[in-house]
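Novice: The following block contains the structure, expressed as structure tokens.
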Amino acid sequence: VALSDEDFRRANVEATQTVDILAFVEAADIAPIYFDTPYYLSPGKRGEKSYALLRQTLKRSGKAAVASVVIRTRQHVAVLLPMDDMLVLNTLRFADEIRSADDFELPREAKASPREVEMALKLVEEMSEKWKPGKYHDTYREDLLARIRKKVKAGETEEITEPEEEGGKERKKGAEVIDLMAL
């Protein structure tokens, strides 16, 4: 079917400035795979008391508010969660946007021995620390910005860097994964 811009315009949901709460669920029942993009929410004019009431109610109940919201021109299902003195709206993925675990070949029959599990638990305990988000950095971004600054300083702002020969520096293939069994 051929669609015009007008067809898309007519099908678009109407953008509003509201967050429509649809239900309340246990916050712990929402699997992390559903979370997409977080946004800070602040109250609108004359909405401070309602905002505070919702925030405090969610904190005390341990519940999350499931909501519908339009961001730009797309409708989202979202969840409202309290965080310190504010509310965070986190857009969620729809169930049909998530692949089923049945789509993957997983080692369903493989079992670790109780001794192996105990050793792995000890390793996890030794490597455990308090969550400090500032400790982690996007090193790729930092390296890319350093490369950009180097090219600007050298006056190479319009030159494209050619790829290195096969015999050159070897590229990393991905993140280093700790093999718990080997440890």
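The values are calculated or read from the model by the stated rules, or taken from the named source; none is laboratory data. Quick caveat, the model's predicted, so the values are computed rather than measured. Because the Cβ atoms are built from the backbone with ideal geometry, glycine has one as well, and the counts that use them run over all protein chains shown.
Novice: What strands (runs of 3 or more DSSP E), lying completely within segment 18-136, carry at least 1 residues that are farther than 30 Å from PHE8 by Cα?
Specialist: Qualifying strands (runs of 3 or more DSSP E): 20-26, 63-71, 74-83, 86-92.
Novice: Considering MET127, MET83, which residue is surrounded by 10 or more Cβ atoms within 10 Å (Cβ to Cβ) and either modelled with pLDDT of 90 or more or over 20 Å from the mean Cα position of the chain (by Cα) (or both)?
Specialist: One residue alone meets the criteria, MET83.
Novice: Return the total of residues in segment 137-175 being part of a loop (DSSP other than H, G, I, E, B), surrounded by 10 or more Cβ atoms within 10 Å (Cβ to Cβ) and modelled with pLDDT of 80 or more.
Specialist: Residues that pass the stated criteria total 1.
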